[in-house]
Structure formats: structure tokens, C-alpha cells
Amino acid sequence: MLQQLLETGLRQTMNSLVKPVLNPAVPVSLQRRIVSQAYRSSIPPRGARFQKAAVGGVPATRTTYGNNPYGAVLYLHGGGYIIGSSATHRGMTGHLAKTSGCSVVTPDYRLAPENPFPAALDDAEACWNGLLEEGYKPEQIAVAGDSAGGGLSIALAMRLRDKGLPLPASLTVFSPWVDLTQEQLYAPECEPVLQARWTSKAARLYAGQEPLTNPLISPIFGDLSGLPPLLIQVGSQEILLNDAERLADAANRDNVQTRLEVFNSLWHVFQVHSGQLDRATAAMETAGEHIKRHLAG
């Protein structure tokens with residue numbers, strides 16, 4: 001009963017405080033400031049540690065939990081490629097560091113509109129290379145991300161594959177945004193977080209002069225063959241439900257080991273409430289297990 005009340009309260013909070021800010025009429029600079037405050041409600045577990053770093057020349061935050069982290073997770077934050085940072089996602093990276101047992105590295109990749117595609121992808125690749133330079137082997141690194149960062153995670157793996165480079169041990173994506181054309185958005189009865197008008201504008205700001213169908217912008221239009229094991233989590237109350245389901249279908253089509261989890265009556269990137277909402281905490285546990293299972297011993 002308490003958890004049901006908490007779900008209801010969090011849903012109402014997202015709908016009344018976050019969704020109105022994610023509006024194309026609100027200046028991006030103001031969106032960044034307000035959302036950075038809203039993410040204060042996403043609380044890392046006690047004992048999580050955060051250290052500023054430069055990885056591959058990209059500013060980043062390194063998150064650890066416990067004394068002997070093994071392996072690394074390159075975590076790409078969400079925010080429509082226009083907002084968000086390693087600081088806003090401390091709650092998520094703290095819980096992922098706890099459940100995965102890894103050091104979680106979250107780059108502050110360059111954002112649009114100041115830095116459109118391929119800046120974010122270039123920074124993600126630079127951070128990946130930075131982890132290799134630190135001594136991690138590719139099979140000791142997982143890649144994960146939420147929303148736009150989920151799409152960026154898939155795009156990074158595709159770029160590495162296309163260059164003939166070693167791939168990460170696994171991919172984990174929360175509510176991934178993989179079709180920036182928005183031609184097949186889901187229409188839930190309730191969508192507490194996202195507005196299609198906002199994501200449409202963010203897509204145009206990020207893509208710049210590139211077509212939205214570029215597979216490194218919208219990975220759903222690409223070939224996924226050869227990618228590492230993939231975990232996809234999504235809520236049923238979000239316009240990106242179809243993105244997640246179509247990504248799973250495309251991955252299965254291309255013989256990628258894939259697991260799709262749809263959480264009924266939960267919203268976009270509900271994992272931000274890990275440590276508070278039981279179903280979010282359980283989802284993060286599953287993500288951590290997926291990462292641990294595929295890391296090289």
C-alpha cells in the first residue's frame with residue numbers, strides 16, 4: 001500500500017514539476033537549471049563516492065561504491081542531448097555502482113544546440129578510449145545509458161563495430177530514445193514526464209544538418225548485428241515505449257542477445273527513484289546483474 005501511494009505521489013510530482021519544464025517554449029538554459037534542481041530528489045545510496053575526473057580528455061564523474069570495484073561502466077546520461085549532466089545523474093550512477101560492483105564513469109559530453117551531432121558521440125568514444133588507456137580491457141567495460149544516453153550507447157557500440165574495434169561486454173539502456181524522427185511514438189493514456197513537442201525540438205537541435213534517419217542519430221535505422229548482450233528497460237507510461245520494443249525487435253532480428261523488460265504503470269526513466277521505489281530498485285538490481293554476468297572474470 002505504501003509503495004502504491006509512493007508511486008502515485010512520484011507520478012504526480014513528475015507530471016506537475018518536471019513535464020511543464022520539458023517544453024519547447026522554455027529556454028534550454030532555464031531547462032538545464034531547473035532540471036538540475038529536480039534531480040536532487042534522485043538520491044544515491046549511502047556510501048557512494050563521486051570523484052571529478054577527465055577521461056579521454058572529457059570531463060567526467062567517477063562513481064564507486066564499496067572498496068574493490070571491478071570493471072567499469074561507461075554511463076551516458078539522458079536529457080534529449082540538450083540538458084543533463086553527470087551531476088544530475090548521481091542517484092542513478094550511485095545505485096548502478098552498488099548493484100554492478102563497477103566503477104561508473106559518466107562523461108559530461110557536449111550538449112546541443114551549442115554542440116550538435118556528432119559532438120556527443122565523439123565525446124562518448126573519447127571516454128571509451130580513455131578507459132582503455134587507463135588499463136581496462138574492452139571485455140571489462142559495460143556501456144549503459146538512459147533516454148538519449150540509451151540511444152547514444154547503441155550508437156557508440158555501432159560506431160566501434162563499424163571501425164572494427166573491440167566492443168563492450170554488454171549494453172544496458174533505460175527508456176532508450178532510438179528514433180528521433182518520432183514517426184512511431186507510443187501514445188499512452190498517461191505520460192507523466194515527456195512531451196512530444198519537446199523531444200521533437202531536441203531532436204532537431206541535436207541533429208543539426210544531419211538527417212534524423214542517420215543510424216548514429218537514430219539507431220533503429222541501423223544494423224545491430226554483432227552488438228553485445230543488450231538489456232532494455234522501459235515503462236508503459238511513456239511515449240518511448242515503442243522505441244524500446246522496436247529496438248528489441250531489431251536486435252532480435254540481427255541475432256543480438258536481448259532482454260526487454262516493460263514495467264507497467266511506470267514512467268520515463270523511473271530508475272531515477274531507485275532506493276525509494278521498490279520496483280525501481282529491483283530494476284536497477286537486474287541491470288547490475290546483467291552487467292556483472294557479462295564482464296570478463
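Treat every Asp and Glu Cβ in the range 34-170 as -1 and every Lys and Arg Cβ as +1, leave all other atoms uncharged, and give the resulting dipole magnitude about the Cα centre to the nearest 20 debye. Spell out each step's value before the answer.
Numbers: 12 positive and 10 negative charges, 99 e Å.
I would put it at about 480 debye.
Take every Cα-Cα distance within the range 96-164, group them into 10 Å bins from 0 onward, and report for each bin the whole-number percent of pairs it holds.
With 10 Å bins starting at 0, P(r) equals 18, 53, 26, 3.
Please report, in cubic angstrom per residue, the volume enclosed by the convex hull of the alpha-carbon atoms of the range 21-110. Before the final figure, lay out each step's value.
Numbers: hull volume 8.1 nm³, N = 90.
Residue-normalised Cα hull volume stands at 90 Å³.
With the alpha-carbon atoms as the only input, what is the per residue convex hull volume for the range 207-297 in Å³?
On the way: hull volume 11.2 nm³, N = 91.
It comes to 123 Å³ per residue, whole-number rounded.
Ordering Tyr70, Tyr65 by accessible area with a probe of 1.4 Å, largest first, what comes out?
Values: Tyr70 90, Tyr65 70 Å².
Heavy-atom accessible area, descending, gives Tyr70, Tyr65.
Among Pro228, Pro24, Pro168, which one moves the most in a GNM of the chain with springs linking Cα atoms closer than 10 Å?
Pro24
Within straight cross-link reach of Lys292, meaning Cα distance under 19 Å, which lysines are found once same-chain residues fewer than 8 apart are removed?
Reachable lysines: Lys98, Lys137.
In square angstrom, rounded to the nearest 10, how much accessible surface does Leu167 have for a 1.4 Å probe?
40 Å²
Given a Förster distance of 35 Å, report the FRET efficiency between Asp254 and Glu285 from their Cβ-Cβ distance, rounded to the nearest 0.05.
Numbers: r = 28 Å, r/R0 = 0.80.
It comes out at approximately 0.80.
Considering the chain as a Gaussian network with a 10 Å cut-off on Cα pairs, which listed residue, Gln182, Gln271, Gln51, attains the greatest mean-square fluctuation?
Gln51
To the nearest 500 deg cm²/dmol, what mean residue ellipticity at 222 nm is calculated for the chain from DSSP H runs of n ≥ 4 alone, each contributing -39,500 (n - 2.57), summed and divided by the residues?
Working: 8 runs with 106 residues, N = 297.
Taking each H run of at least 4 residues, the total per residue is -11500 deg cm²/dmol.
PRE reach from Glu210 (point 7 Å along Cα→Cβ): which of the range 178-204 fall under 20 Å by backbone N?
178-184, 199-204
What whole number of Å gives the distance from the Cα centroid of the range 198-225 to the Cα centroid of the range 38-84?
Centre-to-centre (Cα) distance: 25 Å.
For the chain, I need the span (max minus min coordinate) of the C-alpha atoms along each principal axis, in Å, sorted largest to smallest.
Cα extents, longest axis first: 45, 44, 36 Å.
What's the FRET efficiency of Ser265 with Asp223 using the Cβ-Cβ distance as r and R₀ = 25 Å, to the nearest 0.05?
Values: r = 34 Å, r/R0 = 1.36.
Taking R0 as 25 Å, the efficiency between Ser265 and Asp223 is 0.15.
Round to a whole number: what % of the accessible area of the chain belongs to carbon and sulfur, probe 1.4 Å? Don't skip to the answer; put the middle values down first.
On the way: 5960 of 11710 Å².
Roughly 51 percent, rounded to a whole number.
Sorted by accessible area with a 1.4 angstrom probe, largest first, how do Glu289, Glu133 fall? Walk me through the numbers before you get to the answer.
Numbers: Glu289 85, Glu133 150 Å².
Result, largest first: Glu133, Glu289.
Can you tell me which lysines have their Cα less than 25 Å from the Cα of Lys201? Leave out same-chain residues fewer than eight positions away.
Reachable lysines: Lys19.
Size of the dipole of the range 150-297 about the Cα centre, Lys and Arg at +1 and Asp and Glu at -1 on the beta carbon, nothing else charged, in debye to 20?
Details: 12 positive and 16 negative charges, 88 e Å.
The calculation lands at about 420 debye.
How far apart, in nanometres, would the label points at Gln12 and Asn67 be if each is projected 7 angstrom from Cα along the Cα-to-Cβ direction?
Simple spin-label model gives 4.5 nm for this pair.
Under a Cβ-only charge scheme (Lys and Arg +1, Asp and Glu -1), can you give me the dipole magnitude of the chain about the Cα centre, in debye to the nearest 20? List each step's numbers first, then the result.
Numbers: 25 positive and 26 negative charges, 174 e Å.
So the magnitude is around 840 debye.
Within the range 148-226, list the trypsin sites (Lys or Arg not before Pro) lying in a DSSP loop whose Cβ has at most 11 other Cβ atoms in a 10 Å radius. Working shown, then result.
Values: sites: Arg159, Arg161, Lys163, Arg197, Lys201, Arg204; in loops: Lys163.
Here the trypsin sites (Lys or Arg not before Pro) that fit, given the DSSP loop and packing criteria, are Lys163.
The values are calculated or read from the model by the stated rules, or taken from the named source; none is laboratory data. Note that the coordinates shown come from a computational prediction; the quantities given were computed from them, not determined experimentally. Neighbour counts run over all protein chains shown; Cβ positions are idealised from the backbone, glycine included. Accessible surface is based on the protein model in full, side chains and every heavy atom, while ligands, DNA and RNA are left aside. Shrake-Rupley method; radii C 1.70, N 1.55, O 1.52, S 1.80 Å.
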